[in-house]
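These notes are about the structure you will find just below.
The values are calculated or read from the model by the stated rules, or taken from the named source; none is laboratory data. Fair warning: this is a prediction, and the values are worked out from it, not measured in the lab. Glycine gets a Cβ as well: all are built from the backbone with ideal geometry, and neighbour counts include every protein chain shown.
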């Protein structure tokens with residue numbers, strides 16, 4: 001499916017109307033799914049007319065795109081800032097990895113990432129573009145930013161890594177296997193058997209550096 005036509009929205013300072021529309025759409029999409037939502041419902045929930053929603057966004061697909069983009073904004077911005085600071089004043093590989101993993105954990109715990117992931121899985125079978133939007137607006141730029149940070153560390157001789165994008169996928173997988181997928185799959189009582197988040201992070205760092213770390217002894 002072609003990318004939805006989008007009307008310009010003000011960034012980063014959303015108007016009160018835009019904020020109300022996106023907040024309402026976010027709630028509705030998560031509650032009832034993409035197909036069950038229309039611009040009339042979004043407008044009613046936001047306290048504006050359908051025409052106002054259309055004037056600002058142009059289509060339901062464009063509203064969804066903005067909701068997804070906005071959902072990822074915080075963690076995308078946080079990780080980009082952290083990696084930029086790391087490049088300017090390099091820290092240890094372990095500290096860089098630890099900071100990134102904790103940012104991912106905060107994102108999962110402080111947002112509805114689990115519910116959003118379930119929505120994307122449910123909807124993408126009929127509408128593959130929804131999964132593409134979710135990935136392109138969030139995980140892809142975060143992954144590329146992380147891979148760029150690993151490439152910087154490799155150039156500085158802090159790690160030995162010739163394929164930073166592969167390595168970025170590997171580290172994110174080590175963390176997400178415990179902090180996202182068990183919740184997405186709703187494994188119930190099995191969640192109680194999962195290790196503490198800090199244990200997950202430290203073990204992921206240890207495994208990553210056992211492969212890519214440089215012995216300074």
- Could you count how many residues in the range 149-183 are touching a strand residue (DSSP E or B) at 6+ places or on another chain (Cβ under 9 Å) and either assigned to a helix (DSSP H, G or I) or surrounded by fewer than 16 Cβ atoms within 10 Å (Cβ to Cβ) (or both)? 4
- Item | Those residues of the range 155-166 which are in contact with a helix residue (DSSP H, G or I) (Cβ under 8 Å, 6 or more places away or on another chain) and free of Cβ contacts under 8 Å to residues at least 24 places away in the same chain, in sequence order | 162, 164, 165
- Test for residue 191: is it free of Cβ contacts under 8 Å to residues at least 40 places away in the same chain, assigned to a helix (DSSP H, G or I), in contact with a helix residue (DSSP H, G or I) (Cβ under 7 Å, 6 or more places away or on another chain) and farther than 26 Å from residue 77 by Cα: yes
- Note on the structure: Scanning the range 121-143 for residues that are over 12 Å from the mean Cα position of the chain (by Cα) and either over 20 Å from residue 26 (Cβ atoms) or surrounded by 16 or more Cβ atoms within 10 Å (Cβ to Cβ) (or both) gives 123, 124, 125, 126, 127, 128, 129, 130
- Message: I need the full set of residues from the range 13-30 which are surrounded by 15 or more Cβ atoms within 10 Å (Cβ to Cβ), without any contact (Cβ under 8 Å) to a residue 24 or more places away in the chain and outside any loop (DSSP other than H, G, I, E, B), in order please.
- Response: 23, 24, 27, 28
- Task: Among the numbered conditions (1) in contact with a helix residue (DSSP H, G or I) (Cβ under 8 Å, 6 or more places away or on another chain); (2) touching a residue at least 12 places away in the same chain (Cβ under 8 Å); (3) loosely packed, with under 13 Cβ neighbours inside 10 Å, tell me where residue 146 comes up short.
- Result: (3)
- Of all residues making up the range 93-121, the number that are touching a residue at least 40 places away in the same chain (Cβ under 8 Å) and under 30 Å from residue 61 (Cβ atoms): 12
- Query: What are the residues in the range 31-66 that are out of contact with any helix residue (DSSP H, G or I) (no Cβ under 7 Å at 6 or more places or on another chain) and in a helix (DSSP H, G or I), if any?
  - Reply: 31, 32, 44, 51, 55, 61, 62
- Query: Which one of 102, 70, 98, 118 is out of contact with any strand residue (DSSP E or B) (no Cβ under 6 Å at 6 or more places or on another chain), modelled with pLDDT under 95, buried (at least 19 other Cβ atoms within 10 Å of the Cβ) and part of a helix (DSSP H, G or I)?
  - Reply: 70
